[in-house]
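Structure first, commentary second.
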Amino acid sequence: MRANHAAVAALLVLGAIAVLTWVGPLLNPNPFDAVDWTHVAAAPAAAPGHWLGTDRLGRDLFVRTLAGARISLLLGLLATTLSLAIGVAYGAVAGFFGGGVDHLMMRLVEILSGLPLIFFVILLTVSFGRSPVLLFASIGAVGWLTIARIVRGYTLSMRRREFIEAAVAGGTRSARIIARHIVPNVLGPVIVYATLLVPQMILFESFLSFLGLGIQEPHPSLGALIADGAAEMEIAPWILLVPGVLLAVLLLCFNVLGDALRDALDAGRA
C-alpha cells in the first residue's frame, strides 16, 4: 500500500477531510443554522466571516458544507458497518451449512436483489418518519446483499479445509466455528469491499437527501446542500459547487483507496 502513491494521497485527503469536518466549524464564528440576512447568497470572500459565501438564506456555506460532510460520513460509515454485520453473518451461515440451507438463503438474496430497494427505503422513511437513526438503519439494511454473496463464496471454499474439519471432528459448535474460524479468514476481502461500499452509502444518502427524504432541516447533508445549490446554480453557482466538489473528492478518495486495497490483497495472494 505504501508503494501506491495515489492510495496514500487518498488516505491522507480522507483523514484531512474527517478532521476538518470536526475542527473546521469551530474555527468559523458562524453556527451552521445561523441566518445572516445582510449577506444572502453572497459570493465566496464577498462577505466578512463567510469564507466560501452563503446560501440563499444567508447561512455560512463553509460551516454547513463541513457539517453536512460530517453527517454524510457518519451515516455512510454506520450504514456500512450494519451492512457488513448482516452480510458477513448471513453469508457465513449459508456457506458453512450448505445444502438446502444455502439454497434457500441464497434464493432469498436473489429475490431481494431483483427488487427496487430504493423504494423500500423511501417507504420506510415515509411510514416511520425521517429520523437519522431510521435513515442509517434502512440504508444499511439494503446494502448487505453483495457482501453476503462474497462471504458465502469464500466460506464454501474454506469449509473443506483441514482446520475446519478438525474443529468439526472435535465437536466444536457450528456457531463457534463460524465466529472463530470462518469470519476472521474472510475479513480481508470484506474490508476491501467495505472501502468501496462506504462511498455507495454516502451517495445513496445524498440521493435520498436530494429527493428530500434524507436529513431534514436545519441539519445539513451533502445531498441536501447539493439540492439547494441546484435550484440556485444559475445565479449563485458556488452554492452547488462547494458541496458538490467535496462530495466528488470523498467518493474519488474512497474508490481509489478501495482499488488499492483490492490490488494489494490480490498481490498478497499471488
Determine, yes or no, whether residue 188 is assigned to a loop (DSSP other than H, G, I, E, B) and either β-branched (Val, Ile, Thr) or modelled with pLDDT under 85 (or both).
-> no
Output the number of residues of the range 92-136 satisfying the condition of being under 20 Å from the mean Cα position of the chain (by Cα), buried (at least 17 other Cβ atoms within 10 Å of the Cβ) and of a type outside the set (Val, Ile, Thr).
-> 5
Can you spot a residue in the range 23-36 that is modelled with pLDDT of 90 or more, exposed (fewer than 12 other Cβ atoms within 10 Å of the Cβ) and either at positive phi or out of contact with any Gly (no Cβ under 8 Å at 6 or more places or on another chain) (or both)?
-> yes
Residue 2: exposed (fewer than 14 other Cβ atoms within 10 Å of the Cβ) and of a type in the set (Lys, Arg), yes or no?
-> yes
Quick one: is residue 167 in contact with a helix residue (DSSP H, G or I) (Cβ under 9 Å, 6 or more places away or on another chain), surrounded by 16 or more Cβ atoms within 10 Å (Cβ to Cβ) and farther than 26 Å from residue 115 by Cα?
-> yes
How many residues are surrounded by 21 or more Cβ atoms within 10 Å (Cβ to Cβ) and farther than 27 Å from residue 121 by Cβ when one looks only at the range 187-223?
-> 0
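The values are calculated or read from the model by the stated rules, or taken from the named source; none is laboratory data. Remember, it's a predicted structure, so these values are computed and weren't measured experimentally. Positions of Cβ are backbone-derived with ideal geometry, glycine not excepted, and every protein chain shown enters the neighbour counts.
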